[in-house]
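**Student:** What follows is a structure written as structure tokens; I'll ask about it next.
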Amino acid sequence: MNTNAVSLAGTPAASPLGYFSWTFGQGARDPYYILVIIYIFYPYFSNTVVGDPVRGQSLIGYITAAAGFVLAITAPFLGAIADKDGRRKPWLVGTVAVMTLGALGLWFVEPEERGLSLAMSVAILFIIKVCFTVSEVFHNAMLPSIAPVTRVGLISGLAFSLGNVGGLLLMLFVLLAFAMPGTQPWAFLPEAPLFGIDQSAHEHNRIVGPIAGVWMLLFTLPVLFFTPDGKASAKPMIQLAREGMRDVLQTLKHVRHYANIARYLLARMFFIDGMVGVLTFGGVYASGTFGWDTTTLLIFGLCTSASAMFGAYVGGRLDDRVGSIRALQIAIGTSSVVLLTLVSVQPDTILYVVNVGSEPVWSSPYFATLPEIFYFCTNQVFAMFFVTGLSASRTLMARISPPEMATQFFGLFALSATVTAFLAPLLVATATDIFESQRIGFGSLALLMIIGAVLLLKVKEEQATVAGSS
């Protein structure tokens, strides 16, 4: 233990080996989200496996909604039980093991149900989604007791940086080893995909599941080996479960005592929904505006992950210097301005009125026109501040939650990001339909970020105490 530093919980912080090893949990988990959910597997599942992009998007929406419902009725209770037990690592081991097996199973998700049935594929994606968030809850809940007060922002930001480093490396590997060979006559590319991967059988899309699963398993090991965990309770699990459920009910009874945390979680529902919506629909808007293909979007995503990696580190430093709330306000405000700049771009126009033409300005097959280059660069700024916002929002939760109830409140923290996950897609869809404009539909996400920023003004950066404690 590092006896010279105090954690947010008021106990001695972990050693540097302990808290830096904790960051590898994020580095293990995020590449799955980047490869499978954002850029490669989910689009493949929607467009090719289901065969109908509209129905595919609906199925993905139902998976997300169903997972959110399960988490709504379980995450706070699981967190309260873990707080009573004192340990988080057993939950990490269980969820990572299930996610690894599920990710390996994605290899067998093929078009026309030649591998797994569609129902089985949906079930696997649903189980991974639930376990992913549960794992995140218990990993996040370790932060208050291991991080020195003066370095908590840096540690949180570094964790997000590692997540994006992993996503970047794996996307680069998939792009150069499996997706691009045979499509471009460049000397640095293999003539054919490596390891006998068959692009016609969509194996370059399916392989990302096993790759992300193995990566997740390996990079969770530093957390398990080197990050200290709480001491196990001597009480039987059934008693801990009863006490945990009672604690959740007590928390609800004393909601006025936790009003500051409740205001924060309400604000987060809006600004996180808006910021995640920009990340989700940014590629859709670019694809519709510029006609970008899959390879272009992969390169776009790879560079975005690199920018996010840098932004997470800088954001962590900013958090420790100016405080979590101020860092979060900067991230939300900048993200809103960047979004309005992104929607100012059309095939021949930037900043709404500046006509720069749609002729290529260089010979690259990707991002060849000035509007494309402008959109690409502006999105890198968004990526930096988006991850700054994610990191600062987690750090703020660690700062204002009672350490004794960290896992329970991080269960609610995870819930706040899923319970209203329909808002951003619904707002974009409705605004796009009403105004018959992709630009207005995408730009409407600024409204969610502004609402969240206003609600955040009423949040104080002060640690709550357990209701009824002296």
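**Student:** Would you calculate the volume per residue, in Å³, of the smallest convex hull containing every Cα atom of the range 77-124?
**Tutor:** Residue-normalised Cα hull volume stands at 63 Å³.
**Student:** Add +1 for every Lys or Arg and -1 for every Asp or Glu among the other residues with Cβ under 12 Å from the Cβ of TRP91, and state the total.
**Tutor:** -1
**Student:** Subtracting the Cα-Cα distance from 0.36 nm times the residue separation, let me have the gained length for ALA123 to VAL214 in nm, one decimal.
**Tutor:** Between ALA123 and VAL214, full extension yields 30.7 nm more.
**Student:** While we're looking at this one, here's another question. Kirkwood-based Rg over Rh for the range 14-456 (C-alpha set), two decimals?
**Tutor:** Looking at the range 14-456, the ratio lands at 0.96.
**Student:** Which order do SER117, SER393, SER336, SER233 fall in if you start with the one that has the fewest other Cβ atoms within 10 Å?
**Tutor:** SER117, SER233, SER336, SER393
**Student:** Same structure, new question: Mind giving me the FRET efficiency for ALA192 and LYS253? R0 is 60 Å, r the Cβ-Cβ distance, nearest 0.05 is fine.
**Tutor:** Rounded to the nearest 0.05, the efficiency is 0.40.
**Student:** Let me check I've understood the local charge: for ILE37, count other residues with C-beta under 12 angstrom from its C-beta, Lys and Arg +1, Asp and Glu -1. What total comes out?
**Tutor:** It works out to a net charge of +1.
**Student:** Can you list the lysines whose alpha carbon sits under 18 Å from that of LYS235, skipping same-chain ones fewer than 8 residues off?
**Tutor:** LYS84, LYS89
**Student:** Given H placed 1.01 Å from N in the peptide plane, which residues other than close sequence neighbours of VAL6 have an amide H under 5 Å from its amide H?
**Tutor:** For VAL6, the qualifying residues are ALA13, VAL149.
**Student:** Report, in cubic angstrom per residue, the convex hull volume of the C-alpha atoms of the range 300-429.
**Tutor:** Roughly 131 Å³ of hull volume per residue.
**Student:** Can you give the Rg and Dmax of the range 180-338 based on its C-alpha atoms, in angstrom?
**Tutor:** 23.1, 66
**Student:** Another question, if that's okay. Whole-Hz Karplus ³J(HN,Hα) for the range 388-403, in order, using 6.51 cos²θ - 1.76 cosθ + 1.60 and θ = phi - 60°, x for Gly and Pro?
**Tutor:** Residue by residue, the range 388-403 yields 4, x, 4, 5, 5, 5, 5, 4, 4, 4, 5, 6, 9, 7, x, x Hz.
**Student:** Over 5 Å intervals from 0, what percent of Cα-Cα pairs in the range 120-244 sits in each interval?
**Tutor:** That works out to 2, 8, 12, 15, 15, 13, 11, 9, 6, 4, 2, 1, 1, 0, in percent per bin.
**Student:** Separate question: Projected area of the range 197-240, taken from the Cα convex hull and averaged over every viewing direction, in nm²?
**Tutor:** Mean projected area for the range 197-240: 5.5 nm², to one decimal.
**Student:** I'd like the orientation of helix 259-290 relative to the chain: the angle between its Cα long axis and the longest Cα principal axis, in ° from 0 to 90, rounded to 10.
**Tutor:** That works out to roughly 10 degrees.
**Student:** Right, next: Could you go through the range 150-161 in sequence order and give the Karplus-derived ³J(HN,Hα) for each residue, using 6.51 cos²θ - 1.76 cosθ + 1.60 with θ = phi - 60°, rounded to whole Hz, and x for Gly and Pro?
**Tutor:** 7, 10, 5, x, 4, 5, 4, x, 4, 4, 5, 4
**Student:** Pairing the Cα long axis of helix 53-85 with the longest principal axis of the chain, what angle in degrees results, from 0 to 90 and rounded to the nearest 10?
**Tutor:** Taking Cα atoms only, the helix is inclined about 20 degrees.
**Student:** Looking at the range 41-104 from every direction and averaging, what is the projected area of its Cα convex hull in nm²?
**Tutor:** 5.1
Since every read-out is calculated from the coordinates, none of them should be taken as a lab result. The model shown is predicted, which means the values in this text are computed figures rather than measured ones. Backbone-built Cβ (ideal geometry, glycine too); neighbour counts: all protein chains shown.
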